[in-house]
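Okay, so here's the structure we're looking at.
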Amino acid sequence: MYGLIVKLTVVPGKRDEMIGILKESAADMPGCFSYVVAKDSSDENAIWITEVWESVASHDASLSLPSVKNAMLRGKALVSGFDKIAVTNPVWGAGLPAASVH
């Protein structure tokens, strides 16, 4: 499995709009086991996205989906910062398929 933790910072007052865009784009992404969008509890302009994918290839393929491309276009003007916090190798999670531990 492939995991990714990202922090998006949006322009002031646009966090809920960006969350809506992310929710719409994340439906029906092949190979995506988990896509969690969370508000930062101390920064009203920050959003955390935690993703678990079948593989790097399934994540990369999602970037070509029409819904994801549309979300990137719609959200581009709302994002003031993008930080890839961590790439992970998920080994267990409630609701995730079993993974082999290496």
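The numbers here are math on the coordinates, done by the rules we state, and not lab data. Owing to the predicted nature of the structure, the values given are computational and were not obtained by experimental measurement. As a convention, Cβ positions derive from the backbone with ideal geometry for all residues, glycine included, and neighbour counts pool all protein chains shown.
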* Structure fact -> Helix-only [θ] at 222 nm, the chain, -39500 (n - 2.57) per DSSP H run of 4+, per residue, nearest 500, equals -8000 deg cm²/dmol
* Structure fact -> Expected unfolding gain across residue 89-residue 7 under the 0.36 nm per residue rule, minus the alpha-carbon gap, is 27.7 nm
* Mean separation of Cα pairs under 8 Å and 6+ residues apart, divided by the residue count of the stretch 2-88: what relative contact order is that in percent? -> 49
* **Only Lys, Arg (+1) and Asp, Glu (-1) charged, at Cβ; the chain dipole about Cα centre in debye** => 180
* So, by mean Cβ neighbours within 10 angstrom, what's the order for 69-76, 20-27 with the highest one leading? -> 20-27, 69-76
* Run the quick spin-label model on residue 74 and residue 28: label points 7 Å from Cα toward the beta carbon, then report their separation in nm to one decimal. => 1.5
* Taking other Cβ within 10 Å of each residue's Cβ, how do 50, 88 sort, fewest first? -> 88, 50
